[in-house]
1. Filter region A:808-839 for residues that are among the charged types (D, E, K, R) and not in a loop (DSSP other than H, G, I, E, B); which is nearest to the chain's Cα centre (by Cα)?
2. Name the one entry in A:I365, A:I339 that is within 14 Å of chain B (Cβ to nearest Cβ), open to solvent by less than 10 Å² (accessible area, probe 1.4 Å), on the phi < 0 side of the Ramachandran plot and among the β-branched types (V, I, T).
3. Give A:D648, A:D583, A:D600, A:D643 a once-over and let me know the one that is more than 14 Å from chain B (Cβ to nearest Cβ), among the acidic types (D, E) and without any contact (Cβ under 8 Å) to a residue 24 or more places away in the chain.
4. Which of the residues belonging to region A:83-110 are assigned to a loop (DSSP other than H, G, I, E, B) and open to solvent by 30 Å² or more (accessible area, probe 1.4 Å)?
5. Which of (1) under 24 Å from A:C368 (Cβ atoms); (2) away from chain B (no Cβ under 14 Å) is the odd one out, the single condition A:T799 does not satisfy?
6. Quick one: count up the residues across region A:638-685 that are assigned to a helix (DSSP H, G or I) and of a type in the set (A, V, I, L, M).
7. Go through region A:845-864 and report how many residues are in contact (Cβ under 8 Å) with a residue 24 or more places away in the chain, open to solvent by 50 Å² or more (accessible area, probe 1.4 Å) and assigned to a helix (DSSP H, G or I).
8. Mind listing whichever residues of region A:802-838 are of a type in the set (D, E, K, R), open to solvent by 10 Å² or more (accessible area, probe 1.4 Å) and in contact with a Phe, Trp or Tyr (Cβ under 9 Å, 6 or more places away or on another chain)?
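The values are calculated or read from the model by the stated rules, or taken from the named source; none is laboratory data. These numbers come from a predicted model, not from an experiment. Cβ: placed from backbone, ideal geometry, glycine included. Neighbour counts: every protein chain shown. Protein only, heavy atoms only, side chains kept; ligands, DNA and RNA dropped before computing areas. Shrake-Rupley method; radii C 1.70, N 1.55, O 1.52, S 1.80 Å.
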Amino acid sequence: MTAIHDLDYGTPASESTTLVTLTIDGIPVTVPAGTSLMRAAQMAGIAVPKLCATDSLKAFGSCRLCLVQVEGRKGFPASCTTPAEQGLQVVTQNSKLAQLRRGVMELYISDHPLDCLTCSANGDCELQDMAGAVGLREVRYGFDGANHLKAEKDTSNPYFTFDASKCIVCSRCVRACEEVQGTYALTIDGRGFDSKVSPGQMEPFMASECVSCGACVQACPTATLMENSVIEAGTPEREVVTTCAYCGVGCAFTAELRGAEVVRMTPYKDGKANHGHSCVKGRFAWGYATHPDRITKPMIRKRITDPWKEVSWEEAIGYAAAEFKRLQAQYGRSSVGAISSSRCTNEETYLMQKLVRTAFGNNNIDTCARVCHSPTGYGLKQTLGESAGTQDFDSVRHTDVMFVIGANPTDGHPVFASQMKRRLREGAKLIVADPRQIDLVRSPHVEASYHLKLRPGTNVALINSLAHVIVTEGLVAEQFVAERCDVESFRQWREFVARAENSPEALEDVTGVPAAEMRGAARLYATGGNGAIYYGLGVTEHSQGSTMVMGIANLAMATGNIGREGVGVNPLRGQNNVQGSCDMGSFPHELPGYRHVLEDSTRALFEGTWGVTLESEPGLRIPNMFDAALEGSFKGLYLEGEDIAQSDPNTQHVTAALEAMECIVVQDLFLNETAKFAHVFLPGSSFLEKDGTFTNAERRISRVRKVMPPVGGKADWEITVDLAVALGYPMAYSHPSEIMDEIARLTPTFTGVSYDRIDELGSIQWPCNAEHPAGTPVMHEQTFVRGKGRFMLTQYVATEERVNQRYPLILTTGRILSQYNVGAQTRRTENVQWHEEDRLEIHPHDAEERGIKEGDWVGIVSRAGETTLRARITDRVQPGVVYTTFHHPESGANVITTENSDWATNCPEYKVTAVQVMPVFGASEWQSRFRKFTEEQLALLDQAGAEAQG
Amino acid sequence: MNTEHLVQMANQIAQYYAVFPDHAEALDGVATHLRRFWEPRMRAAMYAHLDQHRGQGLHPLALEALTSRAEQLRPAAPAAKP
């Protein structure tokens, strides 16, 4: 069911720019050509009865309820499938139509339970509405004939119930699965009276290919597919439009509530990133917000071996401030710092860096983008002039060749993946460069033209090979390059990539990709029409992550695939606000708007507003903080929303650094892994509990709106304000909108942004300023932000993380659809049913060689550490490569990963770790220590609760 | 700071710029990168390594950048107390 107050136009909007005028029930209405009569009628305020039609799906014309009459035409055409034409005169209501519709409804109702009063959809059921709309008063057939009223319920899915007895076989769920989601998990089995909705091969939903995106539930007009939360709590009463806090797609949702209780999250139809679609995380996995593990009281302790003590907000903030002051007095101004998170709002990350720069008086602020997309910021700034992707998501509708590198959109960015798949089904070509066979390589009605199955760590060799083909086969967009790019840098780059050493043939042994495939892919990207590159952490999380980003930008410029719809360089950001946290000055060398702290004029601008003298030296990046802590010069850390003890590489190095510090302040929802090393815990607020904005992967700034009160009593921005004040730096904001106003005053690309303007436009893609008052969907249209596009040389340098006899396999890591990042949120939802543990994917050959069988426990040893996981044997990975996810802390995936990092940004090389894998019979030493430490820390937490109650 | 780690990082930077055909540009690239992205105590540790061990293990380009651009890169003084 759609959100309770959504107006459904029945069929999708026409994109035609030609207008036609017709008359419906005597009312003239002007609509784009191609608009259905049903939609045109609704636009004129006339609701034509319907059941199989909904505006998220193409017209189907099966229910026969929307029949109308058109003057001069025979019969009763279905208004959903009949396009509006100039001069048509349409009648939607008369006695004949009413008679026909009542006849249709009689048939439906004769095979439908009449339990409306106790039905979960009572008051929110289209069948019920239509019975009223057509004036149904009797069912002449009776209810004793053959029917489906005893059909069994499928309750296998934890989030929704399929009650087949209520199904009217309108096919909306089947079509939603196909058209909206693109999974094709549902079909109609049988014919005529025997027709029934079939997940997979008449399997339960959980056993089928269903990915629980919720599109079918949303499309269902009855209670057949119904959210369990609505079945349990009842129909929602009010709604608040907000933005999802999971991945970088930034889907808009309608939070539907009863009182202060969220009953349902429904994807917002007018959301410009998701257009009414969702995935299993945003749609259903929001229960963590009220999970009993939430910590709702501030706590302090002197040592991490002490029990936690619940205290007032004033005491906790005062203690944290006093400790930071003590440390700075004792060890120097640069001995403390902070780490913010891409899970925070723009306003929160802005305040965090402001606190560090003003109250701490240094630049030791970093964000978790350090460990994911910092190379994107660096590489795109160097080449194009701006640290951001070039397109909006809708640009993909005009793409002819999609080149997906090191990204797994169906798992990491599922709602955008559905858009990609739709375009691929329309005929766009696909190239995938990935060591692993991601779902996109081959899925229903989608097949990659090329899957460049490269060896992990050889991205730059791959991009140079592709560039070599483009340069040496005369495929360069010479006019574009001459007009738009820096000539000298292009000359150097052309000479460099044209060298024989960069040919696909020369690099075949390095990349593992056959030269012919490489050449074919390069030709397709360069000549196949609009070419768009989409990339993820498989590009950035390498020792040459920044080089690869620059290589991608080079390729786009050389082929003229930049500066218009359908093309571009598109980083798929992992978390919800990676782009925003970077925009907000969360890196230790940059103030908001990507302006370096070395620039006197920039510092002067901020000093004028903030009223302090700013440090001109860059601060420590996250890995540098760890090194400085172990060296003894970095003693205090304030973290908001970031769990470095689980997410950062070489866990044992991280925890040693945490143990070496004297004051760690964690502001979070749960006692996460890092909080187990903390001295102060400040209860944070989930996205449902505060106001703010997120900026998604397409630079789209969207509102986060408070849906319920913060369970800890304060929104995160208020906590940071309190801490700054306690540190002696006054911050006087009464609402996050005032923080955004300050950001807009200080940041040239944000000058047109305000909460009022976002409310007016729905969302805004920066730059938004006098030049672009409504935002900028596509960047670099006329010129590059830096003026001329700059080609950068991209010499391939093999990673120092080499395989050898001792560590013969390469481990690469990734994420899965149902879980999110460190899993702190999704592990506290029913999503664990899809992924209750991290497993190690290993190729059958490597498994057989080691005597490993499916489900066996295996030890994974690297130069950094050792852990154990259960094996999953699959040819999705190539021989010599193993793969795992990192969603469960006890898995210790990052115990194995090393501190190798990108040369420019220190982004860790998560994607390449040399390992050995062998069968084992027990937990690793680290896992045993982890379990013991966790038990101890949970006991210390329990003591806090017990003391408070006593 | 962990000198071994810093040397590795400096060498990676040098390896990136080593392909630049103009040597002066490559030197500038390394030096500018260190100046813009390395916190003073990291640069100080690098110079301590240079002073005490003649920059042992450093890529020639990194070594040259650090020695020829010391005025730009060597931190003036330890981090200030509040």
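1. A:R827
2. None of the others qualify; the one that does is A:I365.
3. A:D600
4. First pass over region A:83-110, keeping only residues assigned to a loop (DSSP other than H, G, I, E, B): A:84-88, A:92-94.
A:E85, A:Q86, A:G87, A:Q93, A:N94, listed by residue number.
5. Among (1) under 24 Å from A:C368 (Cβ atoms); (2) away from chain B (no Cβ under 14 Å), the lone unmet condition for A:T799 is (2).
6. At the first step, the residues of region A:638-685 found to be assigned to a helix (DSSP H, G or I) are A:644-647, A:651-660, A:674-677.
Next, only the ones that are of a type in the set (A, V, I, L, M) stay: A:644-645, A:654, A:656-658, A:660, A:675.
Qualifying residue count for the region: 8.
7. 1
8. Here is the first cut: in region A:802-838, the ones of a type in the set (D, E, K, R) are A:802, A:806, A:815, A:827-828, A:830, A:836-838.
Right, trim to open to solvent by 10 Å² or more (accessible area, probe 1.4 Å) and you get A:802, A:806, A:815, A:827-828, A:830, A:836-837.
Matches in region A:802-838: A:R815, A:R827, A:R828, A:E830.
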